[in-house]
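Okay, so here's the structure we're looking at.
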There are 2 protein chains.
Amino acid sequence: MSGFSFKLLATDGAARRGEITTPHGKVRTPAFMPVGTQATVKALYPEQVSQAGADIVLANTYHLMLRPGAERIAALGGLHRFMNWDGPILTDSGGFQVMSLAKLRKVSDKGVTFQSHLDGSTHQLTPERAVEIQTLLGADIQMQLDECIASPATRAEAMRAMRLSLLWAERARKSFSAAGGQALFGIVQGNVFEDLRTESARTLSGMDFAGHAVGGLAVGEGQALMLEVLDFTVPLLPADRPRYLMGVGTPEDILESVARGIDMFDCVIPTRAGRHGHAYTRFGRLNLRNARHADDARPLDAESACPAANAFSRAYLHHLIKAGEHLGAMALSWANIAYYEGLMAGIREAISEGRFDEFRRRTLADLARGEDFAER
Amino acid sequence: MSGFSFKLLATDGAARRGEITTPHGKVRTPAFMPVGTQATVKALYPEQVSQAGADIVLANTYHLMLRPGAERIAALGGLHRFMNWDGPILTDSGGFQVMSLAKLRKVSDKGVTFQSHLDGSTHQLTPERAVEIQTLLGADIQMQLDECIASPATRAEAMRAMRLSLLWAERARKSFSAAGGQALFGIVQGNVFEDLRTESARTLSGMDFAGHAVGGLAVGEGQALMLEVLDFTVPLLPADRPRYLMGVGTPEDILESVARGIDMFDCVIPTRAGRHGHAYTRFGRLNLRNARHADDARPLDAESACPAANAFSRAYLHHLIKAGEHLGAMALSWANIAYYEGLMAGIREAISEGRFDEFRRRTLADLARGEDFAER
């Protein structure tokens, strides 16, 4: 079993091509991690996630600690075996979901106490317990517990939460053991405030985390502001460690963030969009519920390697979505993950060949103009 | 392209082992046809249906004529291409769903007029239109339009509907063309009345249908009465044509019906049960929602060739079902179809080897005693 390591293979401007090694295999970066909230990437078989090109998936500590429980998963042989995924897994710390889902949460220096959204039962997450849970799950990459605040936030509130997150980072670091080859990432907070982000990034950089995440973005601040924060935050993070932008995002967000030096992404967009009848393609997003697809014999993308994108007609997908059939959500979720992973493969190749900026501009133009334009 | 034919390969008591040839390939009988109501076997990819061992699927004329429409499917290249299924397809005539789903239906000698359960629009099905629709769909095996009545029924009502169904059988036969190698089956009606079933079976036998179905059973009359009807009906059907028991059934129903000379089955049980968290195994039906599975690391059936049955733990399936995850319904539906198809393979092998009765008795005993008994 190899321990965690990161190798930078190429740079092109600020964009980076790299490779993460974990106890469960390698991750080609820039990487998109499909989200397996409850130990399943929604509506996909594990083999399909892998076949779509994903090297690593994300799972949610908050959800799994409540159901089925971290100790239970550990007794069953860990999360990899539980969800039948042999590759690397990154788990978040639960902080974000405590903010967005739990009821009656109460933050103290010690940690956060909250009520489960499932049954109202009371739970506590501390920096130490978050590490313990992620160790029980067997995550290859763990995230420190941080405090995620609602956005927009005042400077005072952002500073308080950022400093608390730094204290928690230190405690997480102390309680974490890398003996199994796993890694722990620190999370930069500070909302949209440059001095706060700077303080957070500089302090974390001195703590010897295996990688660094930028948290608290993509929560409604808009792409322009998000990219501005990346512009002043990412250069402060150690270049020899992977950089992970949490919860991002659209294809456009990913292209712009890679251009600013981000290596890892996760987002529910491709699977959530699939369940709602939306397909991501090289020429933008299609709403398969729309009647204009009803007689369209073309597949989503004849050039895709994903069966869901190259074999089913749009007319059939339209029918499945209209009829509320499982296969509609299944096929679109798979096709969307394959689109995202194909985008990442294109990004990686372009960086290796020193033409990322041209790739980014062309891809953004294709996405913006849409398919119908391209065909006229 | 080969036309339709049926070859009897072996008999064992009344049980028969055979092979149907269709324009889209062969069907090993006794056969179980997974139900693809709306042009998809619910929650399965077509490849999984095939991998589970199914040679043929069923699709519903009633559903498809309403949405997306038979003419639309024809314009898109037919049902096989539409649903990405290369193998044989049998379509029902719509009669049963008109009875069970449509609103304000009105039966005349001409046919049945009804309102769509989707949008209230008015539609007509005649014996001729049912053939036309199934021809547009490109079904390898078509079913005549029959009148399905509610059960229990009076003798007078059963006689009226049976005789009308015979008139419709004749009209279907006249309007059907076997030029493309497809086949049309007649349907025996007559409820539970021996003289009516006899009249129906004898009259249909003289009409030169490619195969015969027994309809109007498994609608609440109970297994004992159903088998009694088979006892006096099946021997009246030509031995050189396949016999299809519509809408049946449980594994126990299938074993008993094969013992009485039935060759083909279809039923929504395996997929519906899967969506509701139930798994069929060699040792009976399991409710995966039950808490006793929460810590059970065993797969549903380590000896199954189906990944959904041999790779996922019961604890994981329990978790998926409890969490309402798509993958729960997907995996259990797949495992159940694989169980059913495995049962049919076992039946076929036993008949070929002249030990069907022993196979039937042992399988029924295993199903009845349950798994926990077997393990004690």
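The table for this structure:
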| quantity | calculated |
| --- | --- |
| Whole-number percent relative contact order across the range A:274-375, with pairs defined as alpha carbons under 8 Å at least 6 apart | 32 percent |
| Estimated [θ] at 222 nm from DSSP helical runs (n ≥ 4, -39500 (n - 2.57)) normalised by residues in chain B, nearest 500 | -12500 deg cm²/dmol |
| Rg ratio (alpha-carbon, reference 2.2 N^0.38 Å) - the range B:114-201 | 1.20 |
| Cα-based convex hull volume of the range A:5-267 per residue, rounded to whole Å³ | 116 Å³ |
| Largest to smallest principal axis extent of the C-alpha atoms in the range A:1-126, angstrom | 47, 33, 28 |
| Only Lys, Arg (+1) and Asp, Glu (-1) charged, at Cβ; the range B:201-321 dipole about Cα centre in debye | 420 debye |
| Length-normalised contact order for chain B - Cα pairs under 8 Å, 6+ apart - percent | 17 percent |
| Kirkwood Rh and Cα Rg combined as Rg over Rh, evaluated for the range A:274-375 | 1.01 |
| Cβ-derived FRET efficiency at R0 25 Å, B:Leu167 paired with B:Glu132, nearest 0.05 | 0.90 |
| Spatially proximal aspartates and glutamates relative to A:Lys174 (Cα-Cα < 17 Å; intrachain offsets below 8 disregarded) | A:Asp109, A:Glu128, A:Glu132, A:Asp146, A:Asp208 |
| Entries of A:Lys42/A:Lys106; A:Lys26/B:Lys322; A:Lys42/B:Lys322; A:Lys322/B:Lys110; A:Lys322/B:Lys42 with Cα pairs more than 25 Å apart | A:Lys42/A:Lys106; A:Lys26/B:Lys322; A:Lys322/B:Lys110 |
| Global size of the range A:165-244 as Cα Rg and Dmax, reported in angstrom | 12.8, 41 |
| Cα-Cα separations in the range A:1-69 greater than 17 Å, expressed as whole percent | 54 percent |
| Cα-projected label distance for A:Arg369 with B:Ala239, points at 7 Å along beta-carbon direction, nm | 7.2 nm |
| Dipole moment magnitude, nearest 20 debye, chain A about Cα centre, only Lys, Arg, Asp, Glu C-beta charged | 600 debye |
| Reachable aspartates and glutamates from A:Lys7, criterion Cα separation under 14 angstrom, eight or more residues apart if same chain | A:Glu19, A:Asp240, A:Asp263 |
| For B:Gly94, residues with placed amide H under 5 Å, excluding near neighbours | B:Thr61, B:Tyr62 |
| Fraction of beta bridges assigned by DSSP in the protein assembly as shown that are antiparallel (%, nearest 5) | 50 percent |
| Inter-centroid distance (Cα atoms) of the range A:314-376 relative to the range A:240-305, Å | 6 Å |
| For the protein assembly as shown, the Rg and Dmax computed from alpha carbons only, in angstrom | 29.8, 92 |
| Radius ratio Rg over Rh of the range B:227-300, counting only Cα atoms, Kirkwood formula for Rh | 1.14 |
| Packing-based exposure ordering (other Cβ within 10 Å, fewest first) of A:Lys26, A:Lys110 | A:Lys110, A:Lys26 |
| Beta bridges by DSSP in chain A, antiparallel share as percent, to the nearest 5 | 50 percent |
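Readers should treat all values here as calculations from the given coordinates under stated rules, not as data from a laboratory. Fair warning: this is a prediction, and the values are worked out from it, not measured in the lab. Here Cβ is always computed from backbone atoms with ideal geometry, including for glycine, and neighbour counts include all displayed protein chains.
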